[in-house]
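So the structure is just underneath, and the comments pick up after that.
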Amino acid sequence: MSEIAVCPGSYDPVTNGHLDIISRAAALYDEVVVAVVNHPVRKGKTLFTAEERVAFIEEAVRDMKGVRAESFRTLVVEFAERVGAKVIVKGLRAISDFEYELEMNQLNRQQAPQIESIYLMASPKYSFLSSSGVKELAIFGGEIDNLVPPIVAKRLQEELKR
Ligand code: ADP
């Protein structure tokens, strides 16, 4: 039976840090479903629609075997069950991610104890890379080409000019 993992997040937009975690997850599991949150309760309005966020990821993971992206508007654990995943893989950056992830982990565990969450430590070069940081850089005309895939850099620059 093939082992499936889910990598959930807002991905507004996907960064090279996310892609690092996704490709590392792809090396560990047969299939990886990148799950794009389509109901951002905690983070307010997104810059890109769920469709755009999914399309950016699909483009960026084209060469990664067994990886696809999908949006969802249910509990993460429900999404995981629906796609047949037993594992949720998340990236951990600095200490700031830890508290939030610990809370989410306990909530998810209550909902679905059979689904395990696995945490991959951020690669040092991406430890301080976030979607919100990239958006802020882009607003002020900063260099983002080495932080996000080319399609995202292009669309960010267009979007923020408006
Ligand atoms: P963000 O905090 O950038 O909005 P998301 O909600 O899209 O991130 O995050 C999805 C997952 O990716 C989370 O598990 C988050 O910790 C992880 N992640 C985000 N950026 C990085 C990075 N630069 N390196 C490793 N993991 C990351």
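Points worth noting:
- Volume of the Cα convex hull of region 66-162, divided per residue and given in Å³: 139 Å³
- A dipole drawn for the chain from +1 and -1 charges on Cβ atoms has a positive end, and of Ala26, Ser96, Ala85 the residue lying farthest that way is Ser96.
- Coordinate range along principal axes, alpha carbons of region 1-74, Å, largest first: 36, 23, 18
- Reported value for region 14-56: 89 Å³ per residue, from the convex hull of its C-alpha atoms.
- Within region 39-162: Cβ-based charge dipole about Cα centre, in debye rounded to nearest 20 (Lys, Arg +1; Asp, Glu -1): 120 debye
- Taking the Cα centre of region 1-79 as origin and assigning +1 to Lys and Arg Cβ atoms and -1 to Asp and Glu Cβ atoms, the resulting dipole is close to 300 debye.
- Using distinct alpha-carbon pairs, which all enter the 1/r mean, Kirkwood radius of the chain in Å: 16.1 Å
- Calculated [θ] (222 nm, deg cm²/dmol) that DSSP helices of n ≥ 4 give over the chain, each run adding -39,500 (n - 2.57): -13500 deg cm²/dmol
- Region 111-162, dipole about Cα centre (Lys/Arg Cβ +1, Asp/Glu Cβ -1), debye to the nearest 20: 160 debye
- Pairwise FRET efficiency - Met1 versus Lys45, Cβ, R0 = 30 Å, nearest 0.05: 0.15
- In this rough spin-label picture, where each label sits 7 Å from Cα along the Cβ direction, the Glu116-Asn146 distance is 3.7 nm.
- When the chymotrypsin sites (Phe, Trp or Tyr not before Pro) in region 83-155 are filtered for DSSP coil states and for at most 15 other beta-carbon atoms within 10 Å of their beta-carbon, the remaining sites are Phe128, Phe140.
Bear in mind that the values in this text are calculations on the coordinates, not laboratory data. Every value quoted in this text rests on a predicted model; they were computed, and no experiment measured them. As a convention, Cβ positions derive from the backbone with ideal geometry for all residues, glycine included, and neighbour counts pool all protein chains shown.
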